[in-house]
Amino acid sequence: MITVDSLTRRYAGFTAVDNVSFTAQPGRVTGFLGPNGAGKSTTMRVMVGLTVPTSGSATIDGIRFADLPNPGLEVGVLLDASAQHAGRTGRETLTVAADTMGLPRTRVDEMLELVSLTPTEAKRRVRNYSLGMRQRLGIATALLGDPRVLILDEPANGLDPAGIRWMRDLLRSYADKGGTVLLSSHLLHEIEVIADDLVVIGNGKIVASGTKEELLAAAGTLARSTWPRDLAHALEQAGIASTLAGDGSVRTDADPAQVGAVALAAGIALTELRSAEGAGLEDMFLSLTADTQREGVAA
Amino acid sequence: MIATTVSPTTSTDASRSFPVREPARAIPITRLVKVELRKMFNTRSGFWMLVSIGILSLLATGAVIIFAPDNAVTYENFATAIGFPMSVILPMIAILGVTSEWSQRSGLTTFTLVPSRGRVINAKATATFLVGLVSMAVAFAVGALGNIVGSALAGVDTVWDVSLATAPQIVLGNLVGMAIGFTLGVVLRSSAAAIVGYFVVSLVLPGILALLAQVRDWFADLQPWIDWNYTQVNLFEGATDTAKEWAMLGSTTAIWIVLPLIVGLLFLRRSEVK
């Protein structure tokens with residue numbers, strides 16, 4: 001389990017991470033979301049001891065990362081796939097990590113096979129790797145010590161569709177056998193498919209956290225009718241605020257049962273009625289982080 | 001450790017749960033030194049550094065055999081010829097061993113696997129020291145071979161004019177150069193800056209200090225206590241004999257190596273690795 005407690009990191013002039021607290025539970029995939037520069041990477045760097053927090057703490061199963069005797073065997077970390085020595089071959093990169101952790105060299109071959117880097121590719125220097133290959137190498141390094149906790153910053157970056165699917169299955173099985181997975185991503189669809197829990201950060205502060213179901217349920221209801229204006233009017237009469245979207249759908253914070261009852265009472269036939277989950281994560285993300293978006297638009 | 005017995009098929013098997021492990025043991029320093037030694041030479045630049053030491057030793061030996069007049073075919077001349085390229089390359093190896101973690105950003109992995117940065121730097125220092133010793137041994141051996149072959153070719157007596165007291169001083173001189181490079185690496189944490197820095201303190205600085213000593217009398221007495229090149233050259237010449245000369249070496253070492261290294265380490269341990 002990863003526990004982040006009142007974590008703050010200040011730089012001269014601004015606060016990158018501001019009193020952030022959350023946990024990532026074993027057996028679950030926790031998605032860490034936020035706009036560019038929101039403090040995701042800084043938070044993750046503090047977790048693994050690369051950045052010293054101004055105040056607060058981050059612990060792995062109750063222990064500070066820096067106090068783990070052999071961290072590679074407990075926590076798999078991938079923060080930046082490009083942060084590898086360009087003049088070293090992929091195989092050497094893994095060999096160095098395996099040697100540091102005290103693992104047998106056979107583990108290197110196993111990992112190369114797991115992330116589908118061929119022996120020829122493994123002999124090439126990292127300088128000649130594509131982003132996707134570096135990502136695979138980084139994931140191999142993270143998994144090398146068979147850790148119980150994974151901390152991955154944008155692991156799907158640069159992977160091809162098959163790679164993304166593979167990655168998703170890998171993380172799912174890791175969580176299913178009791179591992180703790182924390183991953184950040186800008187690919188909201190990716191997070192929506194894989195994450196059990198979500199932590200949303202904006203301007204260094206947590207703006208929302210909870211299970212995916214809880215957070216997306218809060219996104220309300222989407223209804224369609226041949227007469228959307230009448231439906232909106234009927235909802236208003238019933239005291240339910242709603243918005244008429246340009247595509248002819250009606251959105252409201254009320255739950256679907258309420259909306260159905262109102263429509264029935266008003267004699268309006270609905271063509272679609274569902275919780276607004278489908279559009280959910282992106283809308284939720286944009287509205288939650290509206291104040292912190294660079295583009296200055298709300299959802 | 002359990003992790004060592006896991007096969008690839010089971011490590012991704014969803015049905016398997018994580019075994020209860022015995023608590024992991026701390027990583028021993030000997031292992032870190034071995035890893036750092038490997039890292040010094042398993043990159044392209046590291047590999048060519050190593051190769052160039054061998055090649056330049058042979059070239060320098062060959063040059064002495066071909067160009068030196070017969071009475072100059074002595075062990076000292078071979079040692080000097082080999083020593084010069086060595087005294088340039090060894091500090092570069094020391095610099096890159098440290099700075100590549102930042103310039104190549106591999107430190108992200110290194111300091112995640114070993115969060116104690118002091119231990120990593122310690123391992124790097126030990127590895128650098130070992131490389132220095134082995135390289136010097138190779139240089140002396142190649143020089144000796146050159147001396148035997150050279151004197152035979154020239155038909156003169158083989159002259160062994162490097163005393164057993166001088167040899168350790170030459171080794172120490174090279175280790176001082178490596179330590180300066182290592183210190184610059186720790187303080188600057190950038191390959192380009194540290195290499196430029198090394199040439200400034202080893203080529204530009206001595207000229208300035210020598211000039212200052214010429215025009216200011218009070219500095220002439222002070223220079224040997226401040227100028228690390230001065231004491232290093234004395235080592236290369238095997239001329240560090242008296243207690244005062246050793247004290248001078250101690251003084252320049254404190255000023256240029258010990259002090260900056262301590263300050264650099266303090267910053268390095270707190271700094272952010274990005």
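The values are calculated or read from the model by the stated rules, or taken from the named source; none is laboratory data. Not measured: the values here are computed from a predicted model. No Cβ is skipped: glycine too gets one built from the backbone with ideal geometry, and neighbour counts run over all protein chains shown. These accessible areas exclude ligands, DNA and RNA; they are computed on the full protein's heavy atoms, side chains included. Shrake-Rupley method; radii C 1.70, N 1.55, O 1.52, S 1.80 Å.
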Please state which one of A:Ala86, A:Ala66, A:Ala97 is facing chain B (nearest Cβ under 7 Å) and either touching a His at 6+ places or on another chain (Cβ under 7 Å) or open to solvent by 40 Å² or more (accessible area, probe 1.4 Å) (or both).
A:Ala66
Between A:Gly49, A:Gly27, A:Gly37, which is closer than 18 Å to A:Leu183 by Cβ and not in a helix (DSSP H, G or I)?
A:Gly27
State all residues of the range A:108-129 that are open to solvent by 80 Å² or more (accessible area, probe 1.4 Å) and within 10 Å of another protein chain (Cβ to nearest Cβ); if no residue qualifies, say none.
A:Glu113, A:Arg127
If B:Leu153 satisfies every condition in (1) buried (at least 23 other Cβ atoms within 10 Å of the Cβ); (2) more than 15 Å from the chain's Cα centre (by Cα); (3) over 26 Å from B:Ala239 (Cβ atoms) but one, which is the exception?
(1)
Cβ-Cβ distance below 8 Å, separation of 6 or more or different chains: which pairs start in the range A:143-157 with a residue that is more than 8 Å from chain B (Cβ to nearest Cβ) and end on one that is among the charged types (D, E, K, R)?
A:Leu144/A:Arg107; A:Pro147/A:Glu74; A:Val149/A:Asp61; A:Val149/A:Glu74; A:Asp153/A:Lys40; A:Asp153/A:Asp80; A:Ala156/A:Glu190
Residue list for the range B:114-129, restricted to those being among the β-branched types (Val, Ile, Thr), more than 11 Å from chain A (Cβ to nearest Cβ) and more than 15 Å from B:Phe267 (Cα to Cα)
B:Thr126, B:Thr128
Run down A:Gly239, A:Gly158 and say which single residue is over 19 Å from A:Ala38 (Cα atoms), surrounded by fewer than 21 Cβ atoms within 10 Å (Cβ to Cβ) and not assigned by TED's automatic domain parsing to the domain that holds A:Leu103.
A:Gly239
Would it be correct to say that A:Gly132 is at positive phi and either touching a helix residue (DSSP H, G or I) at 6+ places or on another chain (Cβ under 8 Å) or surrounded by fewer than 24 Cβ atoms within 10 Å (Cβ to Cβ) (or both)?
no
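Given the options A:Arg148, A:Arg105, name the one that is assigned by TED's automatic domain parsing to the domain that holds A:Met47, over 16 Å from the mean Cα position of the chain (by Cα), open to solvent by 30 Å² or more (accessible area, probe 1.4 Å) and within 19 Å of A:Phe32 (Cβ to Cβ).
None of the other options fit; the residue is A:Arg148.
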So which of A:Ser225, A:Ser209 is open to solvent by 20 Å² or more (accessible area, probe 1.4 Å), out of contact with any Pro (no Cβ under 7 Å at 6 or more places or on another chain) and of a type in the set (Gly, Ala, Ser)?
A:Ser209
What is the one condition in (1) open to solvent by less than 20 Å² (accessible area, probe 1.4 Å); (2) touching a residue at least 60 places away in the same chain (Cβ under 8 Å) that B:Met136 does not satisfy?
(2)
Of everything in the range B:85-113, what is touching a Pro at 6+ places or on another chain (Cβ under 9 Å) and more than 8 Å from chain A (Cβ to nearest Cβ)? Give them in sequence order.
none
Residue check: is B:Thr74 among the hydroxyl-bearing types (Ser, Thr, Tyr), touching a residue at least 24 places away in the same chain (Cβ under 8 Å), open to solvent by 10 Å² or more (accessible area, probe 1.4 Å) and farther than 21 Å from B:Gly181 by Cα?
yes
Give B:Ile65, B:Ile53 a once-over and let me know the one that is away from every other protein chain (no Cβ under 14 Å), within 20 Å of B:Gly155 (Cα to Cα) and assigned to a helix (DSSP H, G or I).
B:Ile65
